[in-house]
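Student: Quick one: structure below, then a few questions.
The values are calculated or read from the model by the stated rules, or taken from the named source; none is laboratory data. Just so it is clear, the structure is predicted and the values come from calculations on it, not from any experiment. Neighbour counts run over all protein chains shown; Cβ positions are idealised from the backbone, glycine included.
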Amino acid sequence: MNGPRIVAFGDAAVLVELEQRGVVADARRARRLAAAIDGLRTRDPRLGVPVAAAASVLVPFEPRATDAAAVGALLAPLLDSDDGPDDGAAAGTERVIAVRYGGDDGPDLDAVAMECGLSVDRVIELHAATAYEVLFAGFAPGFAYLGELPAAIRVPRLATPRTRVPAGSVAIAGSMTAIYPQASPGGWRLIGRTDARLFDPAATPPALLRPGDRVRFVPA
Amino acid sequence: MRDDTPAGRPVLEVIDPGLLLAVQDGGRPGLSSQGVTRGGAADSRSLAVANSLLGNAPDAAALEATLIGPTFRALATVTVAVAGAMAGRVDRTGERVAPGTSVTLAAGQELVLEPTGDGARGYLAVPGGIDVPIVLGSRSTALGAGFGGFEGRALRQGDRIAAIGVPGTGQGTRAFIQPHAHWPGDAVPARVTATAPLRVLPGPHAKGLGPDALASLVAQTWTMSSASDRVGIRLDGATLRASATGGLASHGVVTGSVQVPPDGRPIVLLVDHQPTGGYPVVAVVITADLGRLGQLAPGAPVRFQEVTPDDAREALVRSDTAFASSLALLREGVGWDELWHGAGA
């Protein structure tokens, strides 16, 4: 079995790569490790805010004060706890998002249903029946990667991304679902749309959905 | 957070914004869990030069102009500073304002910035920094998401720019505003943008991409594509020979990451990159060269050179030392002319 691996990411960051076991479990372990590193950071100003992602944690550091080898040695003791039991349910807030499925709001819904060999209603039912967890953030301000999508409605991304996806579009790709907070280019399949405001720079915190939160979709 | 009404006094009006003119400072580090990228000035060293000439903090908010120079009209007597790859020209007097110098404009006078040919971006600082609201800890414009900076957008004709400091008097800013200060020394980054290769360390996925990937990155001269922006610099050339370019699980990325998408045409991430990415990273530009990366212009030849971590550290120390000694000279009031003549040139 391979444990976590620490690799240099240029002269100002290291990447801690976790062994991949499953999307929800991996993201939880990454968040737990990032929280531990963040604790270390409060006592060690050479470290930057860690970036938890699908199955890794990026740890920026001040290159004038330390280097990748020293940061790797500093982090190594934290990795021993990686094999601890999955602590299950996330501690985040529960959010309910009202979605208008299909039609102009979800232009890919019919094609998704065809590809999955399901009726449109069944795709909506499966998407809305699942309790998702915010695994990590990243694509854009307020964009949350939610998992895990039911196996019956998993489809690949578009071969050619759209140049403009409307704000509030509810989308799926692979084992994840997400909402586009702002109009942007995007390659995920659009199945619906919400009026929820996903990102407000004047709010504290600005993102509606934060890593660890639980999300349910309800047909509007 | 504060209200939206700038308390500072308007000092400049935008007559022509050029291609892209936006407020930038040191950016917003540490907000990746909100999906927010760091952003900020693409060439932070030039930002620091412009600010230092006015006694501002190095990462105070200034204007970043891209490729086509903007034109301003002074609304009051104001000392401004220019740095990076643009030079100024004052109307009526015809006075030239080299990058790395400050100039005092009289009310009504116009200042035109023009590319020097050394790079893509010029910086214009005002006393105390530009007065726009602080959003999520920064005055930078997040152009993609539309927040921060001047109403969350690039500047347009007719916009009025306010300074935090009181223009012309030095009051409200630090003491060493000089009407015609010159950045002393040769540490103006735009001077070295043109031909030197960008130094890189092997990226976290260099091994997984196979031995040819990094070798073919450094072996050829790439051309910066016009389909580049503050998010990423796309490179045209022979495709990178990589043994595997499949998508990885999304991971955090840094400015200077050289990503290899499935088509084998590398993308070098710039300051507005997304916090996470899924393409393998074959190499990472060293910190000392990030300012030069931010100065690359479309069509420019781009070369990479592999270095060691020790080389990277040494390059950063050298760059910091040059900047610090120039800053010390500026504070002592030793101007460029004096150094120049002292050196017998």
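Student: Suppose we filter A:Glu115, A:Glu133 for residues that are in a strand (DSSP E or B) and more than 12 Å from A:Ala171 (Cα to Cα); which single one remains?
Tutor: A:Glu133
Student: Checking B:Leu296 against (1) surrounded by fewer than 22 Cβ atoms within 10 Å (Cβ to Cβ); (2) among the aliphatic types (A, V, I, L, M); (3) in a loop (DSSP other than H, G, I, E, B); (4) more than 8 Å from chain A (Cβ to nearest Cβ), which test does it fail?
Tutor: That leaves (1) as the condition not met.
Student: Still on this structure, please answer the following. Conditions: (1) surrounded by fewer than 18 Cβ atoms within 10 Å (Cβ to Cβ); (2) in contact (Cβ under 8 Å) with a residue 60 or more places away in the chain; (3) within 18 Å of B:Gln274 (Cβ to Cβ). A:Ala128 meets all but one. Number of the miss?
Tutor: For A:Ala128, the exception is condition (3).
Student: Examine the range A:55-66 for a residue that is at the interface with another protein chain (Cβ under 8 Å from one of its Cβ atoms), modelled with pLDDT of 95 or more and over 15 Å from B:Gly252 (Cβ atoms), and state whether such a residue exists.
Tutor: yes
Student: Kindly list, by first and then second residue, each pair from a residue in the range B:140-151 that is part of a loop (DSSP other than H, G, I, E, B) and of a type in the set (Val, Ile, Thr) to a residue that is surrounded by 24 or more Cβ atoms within 10 Å (Cβ to Cβ) and modelled with pLDDT of 95 or more, limited to pairs with Cβ atoms under 7 Å and residues at least 6 apart or on different chains.
Tutor: B:Thr141/B:Val23; B:Thr141/B:Gln24; B:Thr141/B:Gly148; B:Thr141/B:Gly149; B:Thr141/B:Phe150
Student: Of the residues B:Thr223, B:Thr255, only one is among the polar types (S, T, N, Q) and assigned to a loop (DSSP other than H, G, I, E, B); which?
Tutor: B:Thr255
Student: Quickly run through the range A:2-30 and pick out the residues that are more than 9 Å from chain B (Cβ to nearest Cβ), charged (D, E, K, R) and crowded, with 21+ Cβ neighbours inside 10 Å.
Tutor: Listed by number, the residues that qualify are A:Arg28, A:Arg29.
Student: Go over the candidates A:Ala196, A:Ala173 one by one and state the one that is surrounded by 15 or more Cβ atoms within 10 Å (Cβ to Cβ), within 12 Å of chain B (Cβ to nearest Cβ) and either under 20 Å from A:Leu135 (Cβ atoms) or out of contact with any Lys or Arg (no Cβ under 8 Å at 6 or more places or on another chain) (or both).
Tutor: After applying the criteria, what remains is A:Ala173.
Student: Would it be correct to say that B:Gly18 is surrounded by fewer than 22 Cβ atoms within 10 Å (Cβ to Cβ), assigned to a loop (DSSP other than H, G, I, E, B) and assigned by TED's automatic domain parsing to the domain that holds B:Glu110?
Tutor: Yes.
Student: Same structure again: Could you grab the pairs with beta carbons closer than 8 Å, sequence gap of 6+ or different chains, first residue in the range B:75-101 and under 22 Å from B:Gly8 (Cβ atoms), second one at pLDDT below 90 and β-branched (Val, Ile, Thr)?
Tutor: Hits for this filter: B:Thr79/B:Ile177; B:Ala83/B:Val188.
Student: Taking B:Gly264 and the conditions (1) at positive phi; (2) modelled with pLDDT of 95 or more, which numbered condition does it fall short on, given that it satisfies the others?
Tutor: Of everything listed in (1) at positive phi; (2) modelled with pLDDT of 95 or more, B:Gly264 misses just condition (2).
Student: Continuing with the same structure: Please find, among B:Pro275, B:Pro301, B:Pro266, the residue that is away from chain A (no Cβ under 14 Å) and crowded, with 24+ Cβ neighbours inside 10 Å.
Tutor: Sole residue among the options that is away from chain A (no Cβ under 14 Å) and crowded, with 24+ Cβ neighbours inside 10 Å: B:Pro266.
Student: Of all residues being at positive phi and of a type in the set (Gly, Ala, Ser) in the range B:32-68, which is nearest to the other protein chains (Cβ to nearest Cβ)? Just the residue, please.
Tutor: Among them, the one singled out is B:Gly35.
Student: Is it fair to say B:Val284 is under 20 Å from the mean Cα position of the chain (by Cα), part of a strand (DSSP E or B) and not polar (S, T, N, Q)?
Tutor: Answer is yes for this residue.
Student: Check A:Val155, A:Val165, A:Val218 and return the single one that is more than 11 Å from chain B (Cβ to nearest Cβ) and either in contact with an Asp or Glu (Cβ under 9 Å, 6 or more places away or on another chain) or under 18 Å from A:Ala54 (Cα atoms) (or both).
Tutor: Testing whether each residue is more than 11 Å from chain B (Cβ to nearest Cβ) and either in contact with an Asp or Glu (Cβ under 9 Å, 6 or more places away or on another chain) or under 18 Å from A:Ala54 (Cα atoms) (or both) leaves just A:Val155.
Student: Ok, one more. Could you list all residues from the range A:180-193 that are more than 9 Å from chain B (Cβ to nearest Cβ) and either part of a loop (DSSP other than H, G, I, E, B) or touching a Ser or Thr at 6+ places or on another chain (Cβ under 6 Å) (or both)?
Tutor: Correct list: A:Tyr180, A:Ala183, A:Pro185, A:Gly187, A:Trp188, A:Leu190, A:Arg193.
Student: Out of all the residues in the range B:110-132, which are within 15 Å of the chain's Cα centre (by Cα) and in a strand (DSSP E or B)?
Tutor: B:Pro115, B:Arg121, B:Gly122, B:Tyr123, B:Leu124, B:Ala125, listed by residue number.
Student: Exactly one condition in (1) out of contact with any Leu (no Cβ under 8 Å at 6 or more places or on another chain); (2) under 30 Å from B:His273 (Cβ atoms); (3) at pLDDT 95 or above is false for B:Arg153; which is it?
Tutor: B:Arg153 satisfies all of (1) out of contact with any Leu (no Cβ under 8 Å at 6 or more places or on another chain); (2) under 30 Å from B:His273 (Cβ atoms); (3) at pLDDT 95 or above except (1).
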